Amino acid sequence: MVQSSVLGFPRIGGQRELKKITESYWSGKVTVDALLAKGKELRKHNWELQKQAGVDVIASNDFSFYDQVLDLSLLFNVIPDRYLKFDLAPIDILFAMGRGLQRKATDTTAAVDVTALEMVKWFDSNYHYVRPTLSNSTDFKLNESAGLKPVAEYLEAKELGIETRPVIVGPISYLYLGKADKDSLDLEPLSLLEKLVPVYKTLLAKLKEAGAKSVQIDEPILVLDLPESVQAKFQATYEALVDASSPEIILASYFGDVRPNLSAIKSLPVAGFHFDFARVPEQFEEVASILNDKQIFSVGVVDGRNIWKNDFAKSSEIISKAIAKVGADRVLVATSSSLLHTPVDLKSESKLNPTIKDWFSFATQKLDEVVVLTKSAKGDDVTKELEANAASIKSRKESSITTNPKVQSKLAEIDESMATRKSPFEQRLTVQQAKYNLPLFPTTTIGSFPQTKDIRVNRNKFNKGEITAEQYDEFIKKEIAEVVKFQEDIGLDVLVHGEPERNDMVQYFGEKLDGFEFTQNGWVQSYGSRYVRPPIVVGDVSRTVAMSVKESVYAQSLTSKPMKGMLTGPVTCLRWSFPRDDISQKLQALQLSLALREEVVDLEQAGITVIQVDEPALREGLPLRAGKERSDYLDWAAQSFRVSTSGVDDSTQIHSHFCYSDLDPNHIKALDADVVSIEFSKKDDPNYIQEFSNYPNHIGLGLFDIHSPRIPSKDEFVKRISEILKVYPANKFWVNPDCGLKTRGWTEVKASLTNMVDAAKHFREQY
Ligand code: GLN
Ligand code: ZN
């Protein structure tokens, strides 16, 4: 019989319970037992929810207190020595690797000071994983001190009467996504595979002993362009993993097209495969053809990355093809990936327009979708559900809410001149230098300052109508004034207003633009305890009101230093929203670029002539494979940025910002921004710096990690800058943090920025 399968469920809780408890733990307000108990409660809730929905194959080990890849690093003992010096409990080692730890000595404990590991985007999503950091001395073994998480969670579910399928990232992806540690820069992580495989084997054996019949091993790198040498590793690795002591292995890939790597997996001795047909239905025939006559075919049809209601008619077609191919007994009707990337429950949204709400499906609703599709495939009577689905799909298709003729005619007017600055960079530079007269090593920040409790409380009060718009405005002004004063006091050169009025850099603009819907509780984990609430692009996008001018103008009125206007770029607005699936992403980005262009021009006219248009999601949006789709993306992504920023004079200085991905300077060059800042404090590879030295325009290489409460000393900054100066020219060197400071507290922000500015002054004297 066909069965339903869910590859993973959001771990954060419907009311962000996970965030609340972990942050309380970090600040010492609750004990580790309370933390662990809450984790257990969340897992129980999620498993039972899925069980009640009628899901047949439910995942375990999809839970994590920080990140599932980091969990594996702890489990496999991939822990750089610097985290082991302090005698921390395993969970604290985990958090120290995830977010760094700095703690003063007490009577009973020694001081701790250690930076976090690097964090990078998980494929083309806005989820960040903590990069496995390997060295020649890495001693792979099952780290029992932390308990064997996959086994423990499997047993925990079993005790609740729920049979689960543990999920773990596979060994090849784990290493491929890792990097060499500072002390072993010549190390090729995949060269460690032979050492790691036996550890996986032991883990699999323990899972089997515990009763697990099958495990889901994710090898998501199968959707990347893999060199021959990496492809060649699959056969031997999986032959080694599969034997009598291991449970059945379902090998899963998602987020893309596996076809170019099919030969690497076509004769693996695994029990089955999972593929993403929500993203790439075209791969069906070819991937189906690799299954032997026993293997399970897990058909990912319910999209784990978006919030649109599943089109049952389309999915059923794929499922029928699968059944025709391998027989009903071997088909799993599945989510395309883990549901980690979708909000928890649509039911908790009470403010959405009911017509539009009916077009959406969040994680909890997706459970029902998988189940209904399965029932339908089995021949159960689900006529009512199928009819309701068809009606909803039709309602969206025919709705007039989604189109705006004015936007369409403006789009048609976009041409190359709209996407080109008046003069080339060198000329603009001269005008800008004369105008701003900035010192060498100019200092700035990326935009946001701490979002304090006070800010959240006031925003909530305003949203609930407990304070008036005037009162809220006054409050925001006071916040801006404080941030401006602080920056002047410590001597920053290009100031920001601090973004206190923004809950989130995308949501804020989404709420002001036409064409977006937004949720009350649609949180999705971005990294650790940081969750975002992506707005939803429902229709054609346009700007009806100025979005940021008031705050920037007020901030500028308080200082004679340049005030940097702050906007979120078109690609990032799109990527960090749930995009439409009925028109291309290119069209959506261009619509956004027109709206942003109006804002940029308004800012300039209001006297804000340094304007930063953030594009941290630029790299994340890059199609995972080389080819036409990727080159097209690079074209329209750059075009939409340039359309946004080219309506201004040469003397207006356009900044942009990028973070948490391996950037290619060529992609950034195409934007033609005057100054860019990039996250850099965790980048150890000298070649990476070298690549940026050839970037023509000016760059701020991020100097400290904003995910960590740790405070670097002035000397540490000086050391880091000297290192970079060996390869990077002083005359193009801006000084700034890795990213915005919104998640930090004031104490550490004050100290870190002061030290950073002092370090810049030190170099000014030298040069
Ligand atoms: N301007 C934004 C901020 O400082 C940029 C954040 C980001 O890159 N994610 O918060
Ligand atoms: Zn950033």
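The values are calculated or read from the model by the stated rules, or taken from the named source; none is laboratory data. What you are looking at is a predicted structure, and each value in this text was computed from that prediction instead of being measured. No Cβ is skipped: glycine too gets one built from the backbone with ideal geometry, and neighbour counts run over all protein chains shown. Note: accessible area is taken over every heavy atom of the protein model, side chains too, but ligands, DNA and RNA are not part of it. Shrake-Rupley method; radii C 1.70, N 1.55, O 1.52, S 1.80 Å.
Pairs of Cα atoms under 8 Å, at least six residues apart: use those to get the relative contact order of the stretch 594-716, whole percent. Could the numbers behind the result be given before it?
Numbers: 143 pairs, mean separation 30.2, N = 123.
Computed value for the stretch 594-716: 25 percent relative contact order.
Compute the acute angle (0 to 90°) between the alpha-carbon long axis of helix 363-378 and the principal axis of greatest extent of the alpha-carbon atoms of the chain; round to the nearest 10°. Tilt of helix 363-378: around 30 degrees.
Simple rule: put +1 on each Lys or Arg Cβ and -1 on each Asp or Glu Cβ in the chain, find the dipole, and look at ALA606, VAL167, GLY256; the Cα lying farthest toward the positive end is ALA606. Of all DSSP-defined beta bridges confined to the chain, some 20% are antiparallel rather than parallel.
Computed from backbone phi, the HN-Hα couplings of the stretch 456-465 come to 5, 4, 5, 4, 4, 4, 5, 4, 8, x Hz, rounded to whole numbers (Karplus: 6.51 cos²θ - 1.76 cosθ + 1.60, θ = phi - 60°; Gly and Pro given as x).
When the helices in the chain are scored as -39500 (n - 2.57) per DSSP H run of 4 or longer and the sum is shared across all residues, what 222 nm value do you end up with, to the nearest 500 deg cm²/dmol?
It comes out at -12500 deg cm²/dmol, rounded to the nearest 500.
Exposure check, 1.4 Å probe, all protein chains in place: LEU340 carries approximately 10 Å² of accessible surface.
Peptide packing: for 256-268, 116-128, 227-239, the average count of neighbouring Cβ atoms within 10 Å per residue gives the ranking 116-128, 256-268, 227-239, highest mean first.
Note on GLN15 and SER229: their simple-model spin labels are 5.3 nm apart, each label 7 Å out from Cα toward Cβ.
Once backbone amide H atoms are built at 1.01 Å from N, TRP734 has ILE699, GLY700, LEU701 as its partners under 5 Å, excluding neighbours fewer than 5 places away on the same chain. Quick one: compute the contact order of the chain, relative version, from alpha carbon pairs under 8 angstrom and 6+ residues apart, as a percent. Dividing the mean separation by the residue count of the chain yields 13 percent. Neighbours of ILE12 by Cβ distance under 14 Å: Lys/Arg scored +1, Asp/Glu scored -1, total +2.
Please work out how much length the chain gains when fully extended from ASN463 to LYS586, using 0.36 nm per residue of separation minus the C-alpha to C-alpha distance, in nm with one decimal. Please list the in-between numbers first.
Values: separation 123, 0.36 × 123 = 44.28 nm, distance 3.33 nm.
Contour length minus the Cα-Cα distance gives 40.9 nm.
The fraction of accessible area contributed by carbon and sulfur in the chain is 51 percent, rounded to a whole number (1.4 Å probe; ligands and nucleic acids excluded). Assuming R0 = 51 Å, can you tell me the calculated FRET efficiency for the pair SER267 and GLN605, based on Cβ-Cβ distance, to the nearest 0.05? The formula returns an efficiency of 0.20 here. The H on the amide N of GLN653, modeled in the peptide plane, is under 5 Å from the matching H of VAL610, ILE611, each at least 5 residues off or on a different chain.
Measuring nothing but how far apart in sequence close Cα pairs (under 8 Å, 6+ apart) lie, relative to its length, the stretch 52-137 scores a relative contact order of 28 percent. Modelled label positions at LYS394 and ASN353, each set 7 Å beyond Cα in the direction of Cβ, lie 2.1 nm from each other.
Considering only DSSP beta bridges where both residues belong to the stretch 612-767, give the percentage that are antiparallel (nearest 5). Before the final figure, lay out each step's value.
On the way: 0 of 13 bridges.
The antiparallel fraction comes to roughly 0 percent.
For the pair GLU159 and ALA105, label points projected 7 Å from Cα toward Cβ lie 4.1 nm apart. For the stretch 696-767, trypsin sites (Lys or Arg not before Pro) meeting the loop criterion (DSSP other than H, G, I, E, B) and having at most 16 other Cβ atoms within 10 Å: LYS726. Our note on the geometry: Cα centres of the stretch 667-686 and the stretch 244-284, 35 Å apart. Derived scalar couplings between HN and Hα for the stretch 399-406 equal 6, 8, 4, 7, 10, 9, x, 4 Hz in order, rounded to whole Hz, by the Karplus curve 6.51 cos²θ - 1.76 cosθ + 1.60 (θ = phi - 60°), x for Gly and Pro. Whole-Hz Karplus values for the stretch 314-326 come out as 5, 4, 4, 4, 5, 4, 4, 4, 5, 5, 4, 6, 10 Hz, taken residue by residue from phi with 6.51 cos²θ - 1.76 cosθ + 1.60 and θ = phi - 60°; glycine and proline positions read x. The lysines whose alpha-carbon is closer than 21 Å to the alpha-carbon of LYS325, local same-chain residues fewer than 8 away aside, are LYS266, LYS294, LYS314, LYS375, LYS378.
Computed about the Cα centre, the dipole magnitude for the stretch 283-366 is approximately 200 debye when only Lys and Arg (+1) and Asp and Glu (-1) carry charge, each at its Cβ.
Relative to the Cα centre, the charge distribution of the stretch 258-399, modelled as +1 at Lys and Arg Cβ and -1 at Asp and Glu Cβ, gives a dipole magnitude of about 200 debye. One chain, two ends: THR544 and GLU488. Fully extended at 0.36 nm per residue, the span grows by 16.8 nm beyond their Cα-Cα distance. For the stretch 310-370, trypsin sites (Lys or Arg not before Pro) meeting the loop criterion (DSSP other than H, G, I, E, B) and having at most 14 other Cβ atoms within 10 Å: LYS351.
Once backbone amide H atoms are built at 1.01 Å from N, SER60 has ARG165, VAL167 as its partners under 5 Å, excluding neighbours fewer than 5 places away on the same chain.
Would you kindly state how much longer the chain becomes between LYS406 and ASP183 on full extension, computed as 0.36 nm times their sequence separation minus their alpha carbon distance, in nm to one decimal?
Result: 74.5 nm gained on full extension.
Which residues in the stretch 372-416 have a backbone N closer than 12 Å to a point placed 7 Å from the Cα of ALA328 along the Cα-to-Cβ line? The answer is 374-381.
Looking at the stretch 440-492, the GluC sites (Glu not before Pro) that sit in a DSSP loop and have at most 16 other Cβ atoms within 10 Å of their own Cβ are GLU466.
With a probe of 1.4 Å, find how much accessible area the chain has per residue, and write the answer as a whole number in Å².
Accessible area per residue, the chain: 38 Å².
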